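The values are calculated or read from the model by the stated rules, or taken from the named source; none is laboratory data. Note that the structure is predicted; figures quoted are calculated from it, not measured. Don't worry about glycine lacking a Cβ; one is built from the backbone with ideal geometry, like all the others, and counts go over all protein chains shown.
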Amino acid sequence: MQVNEALDALSAHLDLNRDLPKSNTLKRLGGNPTPPATHELYLWSDGAAKVPPETSHALVQGEFTLTVELVRRLQSRGITCLAATSKRDVEEGSAGRRVATFTFVRFRAYPEPQMA
């Protein structure tokens, strides 16, 4: 039920310009983000935020059905949605222990929806 309520709140924000509830926060990426990503959306964090009107790109990853719906809604607003890709290196250690190291490779844009 929480996922559906979060989607309804995000939809009302994107479609009707209503405020996001305090449990939904859109935060500017800190440090030196790799362009064009500028913001991250936290669905169950503290604080309130709006999708800034200058937002052109968003990094969208997480639970599959929520990600699909969020990408669909953001793209309908003209926002390019990206996923981060990585390379996984696995080293076999002693006693069957494996250590995986993930290295950022690039951002990949979600495909734009195709109209049938």
Residue satisfying all of: in segment 61-78; in contact (Cβ under 8 Å) with a residue 60 or more places away in the chain and in a helix (DSSP H, G or I); surrounded by the most Cβ atoms within 10 Å (Cβ to Cβ) among these: 70
Working only within segment 7-56, note down all residues that are farther than 25 Å from residue 104 by Cβ, of a type in the set (Gly, Ala, Ser) and modelled with pLDDT under 70. 23, 47, 48, 49
Output the residue which, of all residues in segment 88-116 that are outside any strand (DSSP E or B) and not small (Gly, Ala, Ser), is farthest from residue 77 (Cα to Cα). 97
Would you call residue 80 closer than 24 Å to residue 8 by Cα, at pLDDT 90 or above and among the hydroxyl-bearing types (Ser, Thr, Tyr)? yes
Could you grab me the full set of residues in segment 81-109 that are under 11 Å from the mean Cα position of the chain (by Cα) and of a type outside the set (A, V, I, L, M)? 81
